[in-house]
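Worksheet for the structure shown next.
The values are calculated or read from the model by the stated rules, or taken from the named source; none is laboratory data. What you see is a predicted model, and the numbers here were worked out from it, not measured in a lab. Backbone-built Cβ (ideal geometry, glycine too); neighbour counts: all protein chains shown. Accessible surface areas use protein heavy atoms only, side chains included; no ligands, DNA or RNA. Shrake-Rupley method; radii C 1.70, N 1.55, O 1.52, S 1.80 Å.
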Amino acid sequence: MFNQTAFIEKIRTVGFSLGFSQIGITSADISHAEPAFLAWLDKGFHGEMQYMSQHGTKRTRPAELVPGTVSIVSASMNYLPSNGESWISKEWQALERADQGVISVYARGRDYHKVLRQRLQKLATFMAQELDPLGYRVFTDSAPVMEVELAKQAGLGWRGKNTLLLNREGGSMFFLGEIYLSVDLSAHAPTLPTESHCGSCTACVDVCPTQAIVEPYLLDARRCISYLTIEHPGSIDVALRPLMGNRIYGCDDCQLICPWNKFAKLTTLSDFDAKAHLTHQSLLSYWSWSEEEFLNHTQGSPIRRIGYERWLRNLCIALGNALRQSHLSANIHQDIRAALSERLTYPSALVQEHLNWALQQHTSSLP
Ligand code: SF4
Ligand code: SF4
């Protein structure tokens, strides 16, 4: 007779051998999360992420996305680079260096979509061999999937006030992936939802440079630097630009400040190791990349997906913010202005508008 409990243990063992740090299994019923999600959409907090709204209730009703889904494997994979010792203090220091560009920690290595997808696929193949017939589909941030809610329900952690999944053993420095299953394995999965350990802490809400966490557990993506630098396609609100500092791709502040991230684990996979040219280089060296160099330097990286135009847009904001900093030397200011001016005729209205804004920051910072 098929022993589900033993099978779930095997899934975990295989999952851990593939580099996953946690594996949980949950029922596909997350209907309790639907009202809050729809209210979030109603407020327009998803900004221009139309994919958030266009899939209707597929996100909150997994069986509408993959018919026949009754349970779901939720898996996490640590991504903190294995060369990332003392990472929290290094990241805060980099944010203070206005002439350096800061790229979110998760994006400095290989694109997680590919790494996770391949490994989830291997895990799913193992399951299908053992449990025939099994219908399944794997997801890695690539479809309307409520991954934090599923992970929470699968016992991988709690949803922090910064809206990310947290756990006591690994903070929030991990990716999530899912396998939708046509067989109900949840009844025998020894996982229980984890209670919240945020307590009275509000550090993430307080530290957010743009006040994007409008209240605990509620994110206005339109103000979030991760959204603005990665997802937002057009002009960035002038009022938010000075608050973005030197963050040119993503933002980690609400994770850096989280006390649970003192327990974040280094990845066991070299795929996520930080590439030197994507880690704390000068803004001017990033700005000097031609489009071809941008494509070469970001090959296999998630950064490539924003394209060269958004890359330059983000850099214009960071360079403009550097020009506002009186503690940087006159020579640095001069080099930045000269480098910006070289692209005054760059054939993109978006880049030109941000570039002109950047040059004006120098004038506005003069006594
Ligand atoms: S990623 Fe940055 S901007 Fe977005 S909520 Fe967190 S601290 Fe705020
Ligand atoms: S910083 Fe504090 S409130 Fe925010 S997620 Fe971490 S523990 Fe929770």
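Of note:
- Computed in the context of the full set of protein chains, the accessible area of the chain at 1.4 Å probe radius has 53% of its extent on carbon or sulfur.
- Per residue, the accessible area of region 112-241 comes to 41 Å², computed with a 1.4 Å probe over protein heavy atoms only.
- Gain in span if fully extended, SER270 to ALA6, counting 0.36 nm per residue against the direct Cα distance: 92.0 nm
- FRET efficiency for VAL183 and GLU64, using Cβ-Cβ distance with R0 set to 22 Å, rounded to 0.05: 0.75
- For the chain: span of alpha carbons on each principal axis (Å, largest first): 79, 40, 40
- 3J(HN,Hα) along region 19-35: x, 6, 9, 8, 9, x, 10, 9, 5, 7, 8, 10, 4, 4, 8, 5, x Hz, from the Karplus curve 6.51 cos²θ - 1.76 cosθ + 1.60 with θ = phi - 60°, whole Hz, x for Gly and Pro.
- The figure for LYS122 is an accessible area of roughly 130 square angstrom, using a 1.4 Å probe on the protein chains alone.
- Whether region 46-146 is rounded, prolate or oblate, judged on the alpha carbon gyration tensor where a/c under 1.5 counts as rounded: oblate
- Considering region 86-214, its Cα convex hull presents a mean projected area of 10.3 nm².
- At an R0 of 56 angstrom, the distance between the Cβ atoms of ALA239 and ASP29 translates into a FRET efficiency of 0.85.
- Centroid-to-centroid separation of region 127-192 and region 5-31 [C-alpha atoms, Å]: 8
- log₁₀ of I(q)/I(0) at q = 0.14, 0.15, 0.29 Å⁻¹ - region 101-158, Debye sum with one point per alpha carbon: -0.55, -0.62, -1.13
- Look at where the Cα atoms of region 198-243 and of region 301-367 average out, and the two centres are 21 Å apart.
- Counting Lys and Arg as +1 and Asp and Glu as -1 over every other residue whose Cβ lies under 9 Å from the Cβ of LEU284, the net charge comes to -2.
- Radius ratio Rg over Rh of region 172-276, counting only Cα atoms, Kirkwood formula for Rh: 1.04
- Using C-alpha pairs below 8 Å separated by at least 6 residues, the relative contact order for the chain is 23 percent.
- Lysine pair count for the chain [Cα-Cα under 18 Å; pairs on different chains or 8 or more apart]: 8
- Net charge of Cβ neighbours under 10 Å - reference GLY171; Lys, Arg +1; Asp, Glu -1: +2
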